[in-house]
Amino acid sequence: ELATRFRVPFLLKGGHLAGDRLVDVLARPRAIPTVFSGRRVHDVDTHGSGCTLSAAIAALLAQGRDLDEAVAHGRRFLQRGLKRPLAVRGRRFIAHG
């Protein structure tokens, strides 16, 4: 409804919902939504994960990728950073690299 009303695509993130399965939905005006799912990574500080994802998507779009591909690759980039975190003073953070 938001995508149709405002005539722009929306990525609805499910990271704050409960459970081990994460579901994000890419909604476009007058189109069938694309559903992306994955597993939650535990014991990593996820502060900034939305910014990491949006920056990755923006960079991929700037490289000429289409929106579905940019979202899929951006999600994989974020997952890699969560699965191989940077440890600092006993805490684990998203690795950006």
**Report entry** Helix-only mean residue ellipticity at 222 nm for the chain, each DSSP H run of n ≥ 4 adding -39500 (n - 2.57), per residue, nearest 500
**Finding:** -11500 deg cm²/dmol
Report summary line: For the chain, longest principal axis from Cα atoms; helix 67-83 axis from its Cα atoms; angle between them, nearest 10 degrees, is 10
Query raised in the report: Counting only protein chains, not ligands or nucleic acids, how are L67, L12 ordered by accessible area (probe 1.4 Å), most first?
Result: L12, L67
Query raised in the report: Of all accessible surface on the chain at a 1.4 Å probe, what whole percent is carbon and sulfur?
Result: 55
Query raised in the report: In degrees from 0 to 90, rounded to the nearest 10, what is the angle of the helix 49-62 Cα long axis to the longest principal axis of the chain?
Result: 50
**Report entry** Solvent exposure of the range 1-43 as accessible area per residue, Å², 1.4 Å probe
**Finding:** 78
Report task. With all distinct Cα pairs included, what does the Kirkwood hydrodynamic radius of the chain come out to in Å, to one decimal, could you say? Result -> 14.3
Query raised in the report: Hey, got the dipole for the chain? About the Cα centre, +1 on K and R Cβ, -1 on D and E Cβ, debye to the nearest 20?
Result: 200
Query - Packing rank of 79-88, 48-57, 29-38, where each peptide gets the mean count of other beta carbons within 10 Å, highest leading - result: 48-57, 79-88, 29-38
Query raised in the report: Considering only DSSP beta bridges whose two residues both sit in the chain, what percent are antiparallel, to the nearest 5?
Result: 90
Query raised in the report: If H47, H42 are ordered by their accessible area, calculated over protein heavy atoms with a 1.4 Å probe, which sequence runs from highest to lowest?
Result: H47, H42
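The values are calculated or read from the model by the stated rules, or taken from the named source; none is laboratory data. Remember, predicted model here, so these are calculated numbers, not experimental data. Quick reminder, even Gly has a Cβ in these numbers, built from the backbone with ideal geometry, and neighbours come from all protein chains shown. Ligands, DNA and RNA are excluded from the accessible area calculation, which covers all protein heavy atoms including side chains. Shrake-Rupley method; radii C 1.70, N 1.55, O 1.52, S 1.80 Å.
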